[in-house]
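See below for the structure under consideration.
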Amino acid sequence: MNFMKRAFLGITRKKGKSLILLAVIFILGNLISGAIAIQQATGNVESTIKERLGTAAIVDMDYKAWDTMSEEELEALELEELGVDLIEQIGELPYVKYYDYSMTTWMGSESIEPYQEELNEEEAVMYEEYEDNIPFILKGINYAPVIDFEEGKGELADGRVFTEEEIENGTSVAIISQKLAEQNNLEVGDTFTLLNAVYEYSEETGEETVLDSRDIVLEVIGLFDPQSGKEETESKEEDSDMFLMEDIDYQNTVYVPNAIISAEEQYYWEVYAEDDPEIAEMLEEETMEYYMPIYYLNNPEDIEPFEEEVAPLLPELYTVISASDQYDDISGPMESMSTLSKYVLLVAVIATVLITGLVVLLFLRDRKRELGIYLSLGEKRGKVVGQILIEVIVVAFVGITLSLFTGNLLAGQVSDTIMKADDTQEESYEEVIYYEGIETNLTAEDVMDSYEVSLNSSYVLGFYGIGLLTILISTIIPLIYIVRLNPKKILM
């Protein structure tokens, strides 16, 4: 009789033993299936969230390292500034899609009014304190097409962006929000005036007096509309105040070439230097230009090699901070589940190998006479081994298939329990996080929403691959037993 036919007859005739083996594989298969499902789900969350976080990276002070330094170390520390040459050198790396570096300052105005939402009385008081008489944010630009527009934070609604010549020459041109323009009846081609006032604070009276001031006349070359923030404000009512301030700030942002801000900062310090010899001496030694660089990489996978290549180039206490670093701060439940699933998978595989191997071996010992007869009749050991393999694999395939679905359901239940039990992260579900100057508007709740245990082709193939490979390994001990059988001793 063909050994394959004998294998299927062995399964059907010995239903009790087949059901016991099926039950063992089904139970252990559930553990393997659940662990693999959680592994894949947490892996998908990480890739999805990091994709949402984007590829932005900035170079800034490592304030965590700063906080750990002793007073002696701080006194001996000589900080270096990030020079334009180094910023541009980093920008030439192959990982960088485009980059910009900018100066930022705040200005007032006596000729135009800042944009404000329709605020209630409490919000109006809060905003009045918040704006502090300098409601306009001047954001310097070196990348002429404007990175905020390239990345979808804003969209050019009218007019144009800067030209390279305007950036290089520091031409007095600006791009403002459409709402700010509407509030002040401004159009593309019009001019408006901002006020750079230098204040002196009196500790005795607690009041500020104007030391000097000068006007900045800018021509409107473009109008923009914000493209992010509105949806978050509508969907997260508890964060509406914060999003309101963010939206007002952006509506009152004025994009200008860096050189304009540099000139105004220089003027600001020169006014102070008139009565302060130390500041005057400082101005002779250095210019007051402090740039914040931001780099957008080609894809999220470039962040790690980018950080490794940039780190040796940076002055002491500077570091690369990327948007994807935020994932580590809000992925507590994901990390817990990922770690747990790794241990469960390892234990389940080892248990499957040992338990299934022992069960098959015990069953074969009861069939020792049957196997001895096959061998004594001239059946090749390879075919006897093949018969046992087929019997085990067929039963294992049924058990693995059943556990594929139940293990997936089990993984979903376990995941929900772990996430609900994570009290440390629960408080931050509704908090929007701004990571070290990179705005992401991502919450821990967004991470949870991205987590989903589901059946997909990669999960199914991975589970069948690991499951069947584990079963094959578990039959090594029984196969050794068959190979060592001596038919003469068995039949004596």
Restricting region 398-413 to residues that are in contact with a Leu (Cβ under 7 Å, 6 or more places away or on another chain) and open to solvent by 10 Å² or more (accessible area, probe 1.4 Å), the residue that is nearest to residue 472 (Cα to Cα):
398
Members of region 40-93 that are open to solvent by less than 100 Å² (accessible area, probe 1.4 Å) and farther than 21 Å from residue 319 by Cβ:
40, 41, 42, 43, 44, 45, 46, 47, 48, 49
Go through region 305-325 and count every residue that is charged (D, E, K, R) and exposed (fewer than 13 other Cβ atoms within 10 Å of the Cβ).
2
Can you tell me which residues in region 472-489 are open to solvent by 40 Å² or more (accessible area, probe 1.4 Å), over 15 Å from residue 358 (Cβ atoms), part of a helix (DSSP H, G or I) and modelled with pLDDT under 75?
483, 488, 489
Restricting attention to region 105-112, does a residue exist that is charged (D, E, K, R) and at pLDDT 75 or above?
yes
Run down 309, 278 and say which single residue is at pLDDT below 85 and acidic (Asp, Glu).
278
Which condition number does residue 223 fail, the rest of (1) outside any helix (DSSP H, G or I); (2) at pLDDT below 85; (3) in contact with a Ser or Thr (Cβ under 8 Å, 6 or more places away or on another chain) being met?
(2)
Hey, could you check region 14-65 for residues that are modelled with pLDDT of 80 or more, within 15 Å of the chain's Cα centre (by Cα) and not small (Gly, Ala, Ser) and say which is nearest to residue 392 (Cα to Cα)?
55
Would you list the helices (runs of 4 or more DSSP H) that sit entirely within region 129-220 and hold 3 or more residues that are open to solvent by 40 Å² or more (accessible area, probe 1.4 Å)?
164-169, 178-183
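The values are calculated or read from the model by the stated rules, or taken from the named source; none is laboratory data. Predicted, not measured: the structure shown is a model, and the values here were computed from it. As a convention, Cβ positions derive from the backbone with ideal geometry for all residues, glycine included, and neighbour counts pool all protein chains shown. Accessible surface areas use protein heavy atoms only, side chains included; no ligands, DNA or RNA. Shrake-Rupley method; radii C 1.70, N 1.55, O 1.52, S 1.80 Å.
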